[in-house]
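The values are calculated or read from the model by the stated rules, or taken from the named source; none is laboratory data. Computed from a predicted structure; not experimentally measured. Neighbour counts are summed over all protein chains in view; Cβ atoms, including those assigned to glycine, are modelled from backbone coordinates with ideal geometry.
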Amino acid sequence: MTTEFTKLNSKIITPLMKSKGYKKIGKYDYGATFDQAVYKTQEKELKIIYTTHPYDYPYHGINVEMHVGKKEEFNKHYSFESGTLEHLLELLAKDINEGAICT
């Protein structure tokens, strides 16, 4: 199943994460309330979770979680109040490029 999130994430985020030394782990995870992509290095794991389900309100958009081992090192929400899904993924890519995430 391909969603708008998986298409855009594959186009924008996956190549960027590969250039940073991360590998996409498994297939996209689809749930009743979210889509999720997971990237990993030896020590770090980055989860990108896309939500639009009414139960997730007011957290509609993209949530990014970075874990080192079992410890959460970073958590940021990109809200649809900032723009479209593509715009949110571009903001995420900018944060990755600038070193705010995945340093």
Q) Any idea which residue in region 16-49 is modelled with the lowest pLDDT, counting only those that are out of contact with any His (no Cβ under 9 Å at 6 or more places or on another chain) and of a type in the set (Ser, Thr, Tyr)? A) Tyr30
Q. Counting just the residues of region 37-52 that are in a strand (DSSP E or B) and of a type outside the set (D, E, K, R), which one comes out nearest to Ser10 (Cα to Cα)?
A. Ala37
**Q.** Pairs, first among the basic types (Lys, Arg) in region 30-59, second at pLDDT below 80 and part of a loop (DSSP other than H, G, I, E, B), C-beta under 9 Å, six or more apart
**A.** Lys44/Cys102
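Considering only residues that are surrounded by 12 or more Cβ atoms within 10 Å (Cβ to Cβ) and either at pLDDT 90 or above or assigned to a loop (DSSP other than H, G, I, E, B) (or both), which ones fall in region 53-71? Write out each step before concluding.
Filtering region 53-71 for residues surrounded by 12 or more Cβ atoms within 10 Å (Cβ to Cβ) gives 53, 56, 59-68.
Listed by number, the residues that qualify are His53, Tyr59, His60, Gly61, Ile62, Asn63, Val64, Glu65, Met66, His67, Val68.
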Q: Of the conditions (1) under 24 Å from Thr84 (Cβ atoms); (2) in contact (Cβ under 8 Å) with a residue 40 or more places away in the chain, Lys24 clears all except one; give me its number.
A: (2)
Q: Give region 72-89 a look and list any residue that's crowded, with 16+ Cβ neighbours inside 10 Å and assigned to a helix (DSSP H, G or I), or say none.
A: Phe80, Leu85, Leu88, Leu89
